[in-house]
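Asks: Dropping a structure here in structure tokens format, bear with me for questions.
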Amino acid sequence: FVVAISGALDEQAITSKATEILQVMRETVELPEHSLSVLTSIGIALSIDGERSADRLLQCADVAMYQAKKMGRDNYCLYTEEMGLFVRKRIQIEADLPNAISQNHLLLNYQPKVSCVTNEVVGFEALLRWLHPDSGLVSPADFIPVIESSRLIIEVGEWVLTEVARQLVAWREAGYELLPVAVNISGFHLHDESLSPFIKALAQQYGLNPGILEVEITENALTGDTDNSIATMKQLKKLDVKLSVDDFGTGYSSLSYLKKFPIDVLKIDRSFINECAHNPDDAAICVAIISLAKSLGLKIVAEG
């Protein structure tokens, strides 16, 4: 729905109107067999001295509405130019990403995992980076959410797996001992039945043991289509691929999925690690996660 309010109203008057609408919409609707309530998200755009056309006002209000949803719904949000810059930046990223894949502008950095017992490097995590020919390095915080919200996620996921396989072969040919490499896989890719066959074929093509790979998934990826997720995980386990839960403790944490899913590793999010030496609450959370992992026979990785 669109509400158009005319007249020389200031920002306070407009937001007051939005609050009134929210209050009215919260009222319960009584039906014969049900009581229903509706949560509303309102995006507000102002025509400043007539600078914005009707179409532009609608576009701005739409952007602000999605921001209101991100704020938790049942809320209003006033459009700002910063929002517009963010949207234009996202649109540009969406337009440039296909070329980044086809023209080899993507690259991987390998972050080492170090044992707290021996201080030796015991593995790596492959981190996706984008070197834009005009803009330089694009922040993962900017482009990875765009990839995850599009069908490109499977193509990019397969590209990462292939590049890791090539790197492992290069290390092997250079005489280095091969160590496990962790690869981040989206929930969408995890639910796709092609993941396990792709890894199996890739390992055969490059003469690698699939067990050299570790698939990392976020907590949120474990929600949704759990049947397909479990089926894919079981196929990966048959290949001896290890499974880890990334950013543990920050998503929709549920102890039940540690029982339900064949997990090998828990990664404690860096937000807990960074302050664990100074903040008793963060320290207590880390101790609890480590104790839980030990009791379940899981390995622990501390991020950061």
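Asks: Roughly what angle does helix 11-26 make with the longest principal axis of the chain, taking Cα atoms, 0 to 90 degrees, to the nearest 10?
Replies: That helix lies at roughly 80 degrees to the long axis.
Asks: I've got another one for you. What is the extension gain from ALA231 to SER102, computed as 0.36 nm multiplied by their sequence separation minus the C-alpha to C-alpha distance, in nm to one decimal?
Replies: Working: separation 129, 0.36 × 129 = 46.44 nm, distance 3.14 nm.
Length gained, ALA231 through SER102: 43.3 nm.
Asks: Straight-line reach from LYS200: which lysines have a Cα under 16 Å away, not including same-chain ones fewer than 8 places off?
Replies: LYS234, LYS237, LYS238, LYS242
Asks: How large is the accessible surface per residue of the chain, computed with a 1.4 Å probe and reported in Å² as a whole number?
Replies: Averaged over the residues of the chain, the accessible area is 59 Å².
Asks: Let me ask something else. With unit charges on the beta carbons (Lys and Arg positive, Asp and Glu negative) and the dipole taken about the Cα centre of the chain, which residue among ALA302, LEU202, ILE185 sits farthest to the positive side?
Replies: LEU202
Asks: While we're on this one: Relative to the first principal axis of the alpha-carbon coordinates of the chain, what is the inclination of helix 226-238, with its axis defined by its Cα atoms, in degrees from 0 to 90 and to the nearest 10?
Replies: 20 degrees
Asks: Loop by DSSP (not H, G, I, E, B), at most 15 other beta-carbon atoms within 10 Å: where is the longest site-free stretch of the chain for chymotrypsin sites (Phe, Trp or Tyr not before Pro)? It would help to have the intermediate numbers written out before the result.
Replies: Values: sites that count: PHE1, TYR176, TYR252.
Answer - 2-175.
Asks: To make sure I understand the rule: partners must be lysines, Cα under 25 Å from the Cα of LYS69, and not fewer than 8 residues away in the same chain. Which ones qualify?
Replies: Straight-distance partners of LYS69: LYS17, LYS89.
Asks: On a 0 to 90° scale, report how tilted helix 195-206 is relative to the longest principal axis of the chain, with both axes built from alpha carbons and the result rounded to the nearest 10.
Replies: For 195-206 against the chain, the angle is about 40 degrees.
Asks: Continuing with this model, one more query. Any chance you could run the full-extension gain for SER47 through LEU22? It's 0.36 nm times the residue separation minus the Cα-Cα distance, nm to one decimal.
Replies: 6.8 nm
Asks: Next question. On the accessible surface of the chain, probed at 1.4 Å, how many percent belong to carbon and sulfur atoms?
Replies: 54 percent
Asks: What is the gain in length, in nm to one decimal, between GLU120 and LEU58 on full extension, counting 0.36 nm per residue of separation less the C-alpha to C-alpha distance?
Replies: Length difference between fully extended and current span is 16.6 nm.
Asks: Go ahead and run the numbers for FRET between SER35 and TYR66, Cβ-Cβ distance against an R0 of 30 Å, rounding to 0.05.
Replies: The pair SER35/TYR66 has a calculated efficiency of 0.60.
Asks: Please list 3J(HN,Hα) in residue order for segment 287-295, calculated via the Karplus relation 6.51 cos²θ - 1.76 cosθ + 1.60 where θ = phi - 60°; whole Hz, with x for glycine and proline.
Replies: Along segment 287-295, the couplings run 4, 5, 5, 5, 4, 4, 4, 4, 5 Hz.
Asks: Pull up all non-local amide H partners of ILE42: gap of 5 or more, or a different chain, and H-to-H distance under 5 Å with H placed in the peptide plane.
Replies: For ILE42, whose amide H was placed from the backbone, the distant partners under 5 Å are ASN75, TYR76, CYS77.
The values are calculated or read from the model by the stated rules, or taken from the named source; none is laboratory data. Keep in mind the model is a prediction, meaning the values are calculated, not measured. We place every Cβ from the backbone using ideal geometry, glycine too, and count neighbours over all the protein chains shown. Keep in mind that these areas ignore ligands, DNA and RNA; they rest on the heavy atoms of the full protein, side chains included. Shrake-Rupley method; radii C 1.70, N 1.55, O 1.52, S 1.80 Å.
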